[in-house]
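These notes concern the structure reproduced below.
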4 protein chains.
Amino acid sequence: MLGAKGKVGATIVEGVEAADDLTFTAGVDAGDALSLFTDTDTQVVVDFTHPSVVMDNLKFLIENGIHAVVGTTGFTDERIAQVRQWLSAKPDAAVLIAPNFAIGAVLSMQFAKQAARFFESVEVVELHHPHKADAPSGTAARTARLIAEARKGLPLSPDATSTGIDGARGADVDGVRVHSVRLAGLVAHQEVLFGTQGETLTIRHDSIDRTSFVPGVLLAVRHVAERPGLTVGIEPLLDL
Amino acid sequence: MLGAKGKVGATIVEGVEAADDLTFTAGVDAGDALSLFTDTDTQVVVDFTHPSVVMDNLKFLIENGIHAVVGTTGFTDERIAQVRQWLSAKPDAAVLIAPNFAIGAVLSMQFAKQAARFFESVEVVELHHPHKADAPSGTAARTARLIAEARKGLPLSPDATSTGIDGARGADVDGVRVHSVRLAGLVAHQEVLFGTQGETLTIRHDSIDRTSFVPGVLLAVRHVAERPGLTVGIEPLLDL
Amino acid sequence: MLGAKGKVGATIVEGVEAADDLTFTAGVDAGDALSLFTDTDTQVVVDFTHPSVVMDNLKFLIENGIHAVVGTTGFTDERIAQVRQWLSAKPDAAVLIAPNFAIGAVLSMQFAKQAARFFESVEVVELHHPHKADAPSGTAARTARLIAEARKGLPLSPDATSTGIDGARGADVDGVRVHSVRLAGLVAHQEVLFGTQGETLTIRHDSIDRTSFVPGVLLAVRHVAERPGLTVGIEPLLDL
Amino acid sequence: MLGAKGKVGATIVEGVEAADDLTFTAGVDAGDALSLFTDTDTQVVVDFTHPSVVMDNLKFLIENGIHAVVGTTGFTDERIAQVRQWLSAKPDAAVLIAPNFAIGAVLSMQFAKQAARFFESVEVVELHHPHKADAPSGTAARTARLIAEARKGLPLSPDATSTGIDGARGADVDGVRVHSVRLAGLVAHQEVLFGTQGETLTIRHDSIDRTSFVPGVLLAVRHVAERPGLTVGIEPLLDL
């Protein structure tokens, strides 16, 4: 584990230790030597560190043929290109970089994309704790954009609203309405609602604590070696 | 039944006929004589007619000591005062006038009022078919206003939103956020969400066909005689 | 339309007439000649008739190179084999036979299958009107079986229940718990609940009237010609 | 605070300190002297201790005219009678003992009781984490019993089930069906579903962390002095 003393890192180490089929080898944090991984014959390293150090980490791991699962943010197109170049010299090495490891969140976005073309209507309702600064949430906005893209060429959701109060119909994200509820007692929740004649389909994701990324990280650790080269997002592991 | 050939009237007649403890006596529509009710010793008449005839109907019913359950609209303060005056001369006669007979809708509004003071946060989400012209719905706006009134003196629901897209946070109705979803495949639905530290309470009402007023009308028919004078709304019958 | 005077047939004809990109050519019911379809140069025929006549219908349609979309039930393995044989002689003809045309129902089953492997826990809750004779519903039992198959080799959902009342934990369908709610005011609804550390994913399908098969039938009419030979189910049209 | 070093006690102290209108005076735990409360002129003491010490605590508090809010369990009829006797000698002292301080849970039970008579059908679905030993949950069983009592004399919910799999229709608690879902990623959730012709009403309570008792405890602290003598449950404070 890289970033082993961070909150996220510590939670992942716990998850690895609780898994029967995985062995925790070494935790490295600021100031520790990366050679700890080669010394312990580590096969996969998880990196939840910082944009300022993640590239050095990846260079070391790829050069040493250690697979990497990366949740650190800040991957620009240039950085992605650099990682690919390093990997091209090491055809067996595998790197998976993902912005979101929560399997439920990733699947609900995928299902929303798949369903988008087959319903007359679609709207998104996201519900979060009241300390959140942005509305709609980044995930909801991204979900709406994926849906809009999948519906390209189709008519917008029908809407006969002619009178009302500003804001009632939510935010317009590429033609998809998104509603943001802020409520004490909630954490992070999202519903995508699809409707057509006589039926509706709802895909709801509830995330109630900060450890929901763990199963996705473990899934990546188990399967990253099967995908040499660079993989972006955990979607390809889900065989959809 | 007054307005017996209308869609609503016919549905109520069916409901009365299906009820073991009630007997259908007579149906009257435009052109028929009101004396049909006195001839058949009718005890309770249900009126779903038109604002242009309902006052004449009520005058006749009260004078003849027949109880009335009224779903016809258009009752101004003047009309209400007139009905009260007629009733004062007939102390045994009972009239119940209600804008909404759907028990689920009425109860959900009552519960929302009762719960309003005990939670930090409250928002309303209403969901309807896409042919609806107004957003938010009249019921949602009224629910929000009742909640706002019950919370008078309490702080508004907390909300740290500082960036976002217009409309994401819904319409502001007296300080209560209301979100309107429009979706093919829906009829009329409403959720009131309450939240406080670690818990949420949701009151959801789903109305999926136009006959949901029937149980409330039958309830009123059964109990109107117990309440001589004028009763407005079915709430008093619900013993809340 | 074959079975044009039936309730289902009439609803489909309405749907075709309301669609800008489709033209209704002819409706045939018991006693009418199938030649009406060849006379009108019909390209696709929808068959919602009866097991006793559907095979004769299909023989005629395939021989005349007319594509068929079939919702009639009773397709045994023998019948399927017979249809395939007829089709082998007419390589351009296309037949699509589906047990369920409700897109929401089909998608929710597909999504349940896709998600099944990635969560520790899964249960099914189906909710129907109280006149239903079977519990669980056929759809819920089939969904549970598909999920169980997709999870083959994985541990069962964790469950520490040691005391309780019989039936509380629902029916066991191949190791997946299924709960059946029966409630006045409902039509046909189903939730598949998936859970893992810190998050849950819920796929909910609500069908509130009997016309929810129409969009799926129209989808099949539009695309059946692209798939010569036999297609079973609308899933292949959904490009999942 | 009595039991100030316990997990619950510490959480309540935090809640008191965060409240503008309350002042924390003293925390007492095993080994500390109760006189700390009289020394600090404490007006209200919250007791989350143990059945083995709570009676001594209450005796002291009542004798000294300090109001008490008690979440400690183990109150038999004899203990309640004893508390009442002590209180009769101190007419100004007020004690509130409650088995559940989660306002959402208490309100949802109250609303379920109120709605019970007005719907043809009612069922309860409770959903919990998979480590729970009992099914149904104590709260769900109690809710079902309250509903059954409120419906005394009314027919059972209609149910035409004639074929099926054992357990599908849930547990029978006094004639009310209760379904128990166990799912990783959940904490404690409950839905009471009511249905009648064309409409349903759902009361849902979600409790996602162990601190959901805090607002109810603070409510009791604020209002206990207004109710001299013994109050059982927080319901009377909710003015329903």
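In table form, for the structure just shown:
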read-out	value
Leading residue by the ranking (nearest to residue D:203 (Cα to Cα)) among those in segment B:211-240 that are in contact with a Phe, Trp or Tyr (Cβ under 6 Å, 6 or more places away or on another chain) and in a helix (DSSP H, G or I)	B:216
Boolean, residue A:119 is over 27 Å from residue C:197 (Cβ atoms) and of a type in the set (Phe, Trp, Tyr)	yes
Exclusive hit being polar (S, T, N, Q), without any contact (Cβ under 8 Å) to a residue 40 or more places away in the chain and under 17 Å from residue A:110 (Cβ atoms), set A:202, A:231	A:202
Scope segment B:122-132; condition within 8 Å of chain A (Cβ to nearest Cβ) and either surrounded by fewer than 24 Cβ atoms within 10 Å (Cβ to Cβ) or assigned to a helix (DSSP H, G or I) (or both); matching residues	B:130, B:131, B:132
Filter pass, residue B:150 being farther than 27 Å from residue B:4 by Cα and of a type in the set (A, V, I, L, M)	yes
Contacts under 7 angstrom Cβ, first residue in segment A:3-32 being more than 22 Å from residue A:73 (Cβ to Cβ), partner open to solvent by 30 Å² or more (accessible area, probe 1.4 Å) and in a helix (DSSP H, G or I), 6 or more apart	A:24/A:17; A:26/A:36
Search result, residues across segment C:39-67 that are farther than 17 Å from residue C:218 by Cβ, open to solvent by less than 50 Å² (accessible area, probe 1.4 Å) and not in a loop (DSSP other than H, G, I, E, B)	C:51, C:54, C:55, C:57, C:58, C:60, C:61, C:62
Restricting segment B:5-27 to residues that are in a loop (DSSP other than H, G, I, E, B) and open to solvent by less than 20 Å² (accessible area, probe 1.4 Å), the residue that is nearest to residue B:223 (Cα to Cα)	B:19
Identity of the residue in segment B:190-236, facing chain D (nearest Cβ under 10 Å) and basic (Lys, Arg), that ends up farthest from residue B:124 (Cα to Cα)	B:210
Qualifying position, being touching a Gly at 6+ places or on another chain (Cβ under 9 Å) and within 30 Å of residue B:195 (Cα to Cα), among B:106, B:54, B:28, B:13	B:106
Among (1) without any contact (Cβ under 8 Å) to a residue 24 or more places away in the chain; (2) in the same structural domain as residue B:173 (by the TED database); (3) over 24 Å from residue B:214 (Cα atoms) - the single one residue B:138 does not satisfy	(3)
Test: residue in segment D:89-101 that is within 11 Å of chain B (Cβ to nearest Cβ), more than 30 Å from residue C:198 (Cβ to Cβ), touching a residue at least 60 places away in the same chain (Cβ under 8 Å) and touching a strand residue (DSSP E or B) at 6+ places or on another chain (Cβ under 7 Å)	no
Where a residue in segment A:104-133 is at pLDDT 95 or above and of a type in the set (Asp, Glu) and its partner, wherever it lies, is buried (at least 23 other Cβ atoms within 10 Å of the Cβ) and part of a helix (DSSP H, G or I), with Cβ under 8 Å and at least six apart	A:120/C:215; A:126/A:140
Residue in segment A:133-175 that is farthest from the other protein chains (Cβ to nearest Cβ), counting only those that are open to solvent by less than 40 Å² (accessible area, probe 1.4 Å) and assigned to a strand (DSSP E or B)	A:173
Index of the failed condition, residue D:84 passing every other in (1) over 30 Å from residue B:107 (Cα atoms); (2) in the same structural domain as residue D:180 (by the TED database)	(2)
Single residue of segment A:72-81 satisfying the filter (under 10 Å from residue A:55 (Cβ atoms) and open to solvent by less than 60 Å² (accessible area, probe 1.4 Å)) that is modelled with the lowest pLDDT	A:74
Of residues in segment B:211-228 being open to solvent by 20 Å² or more (accessible area, probe 1.4 Å) and in contact with a strand residue (DSSP E or B) (Cβ under 7 Å, 6 or more places away or on another chain), the one nearest to residue A:186 (Cα to Cα)	B:215
Sole exception among (1) under 11 Å from residue C:205 (Cα atoms); (2) hydrophobic (A, V, I, L, M, F, W, C); (3) open to solvent by 50 Å² or more (accessible area, probe 1.4 Å) for residue C:86, by number	(1)
Whichever residue in segment C:106-121 is among the hydrophobic types (A, V, I, L, M, F, W, C) and more than 8 Å from every other protein chain (Cβ to nearest Cβ) and, among such residues, is surrounded by the most Cβ atoms within 10 Å (Cβ to Cβ)	C:112
Candidate set from segment C:229-240 (those that are over 14 Å from the mean Cα position of the chain (by Cα) and open to solvent by 30 Å² or more (accessible area, probe 1.4 Å)); member that is modelled with the highest pLDDT	C:230
Matching residues in segment A:181-210 - criterion: being surrounded by 21 or more Cβ atoms within 10 Å (Cβ to Cβ) and either of a type in the set (Asp, Glu) or assigned to a loop (DSSP other than H, G, I, E, B) (or both)	A:183, A:184, A:185, A:186, A:191, A:197, A:198, A:199, A:206
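The values are calculated or read from the model by the stated rules, or taken from the named source; none is laboratory data. Bear in mind that the values here come from a model prediction, so they are computed numbers and not experimental data. Because the Cβ atoms are built from the backbone with ideal geometry, glycine has one as well, and the counts that use them run over all protein chains shown. These area figures cover heavy atoms from the full protein model, side chains too; ligands, DNA and RNA do not enter into them. Shrake-Rupley method; radii C 1.70, N 1.55, O 1.52, S 1.80 Å.
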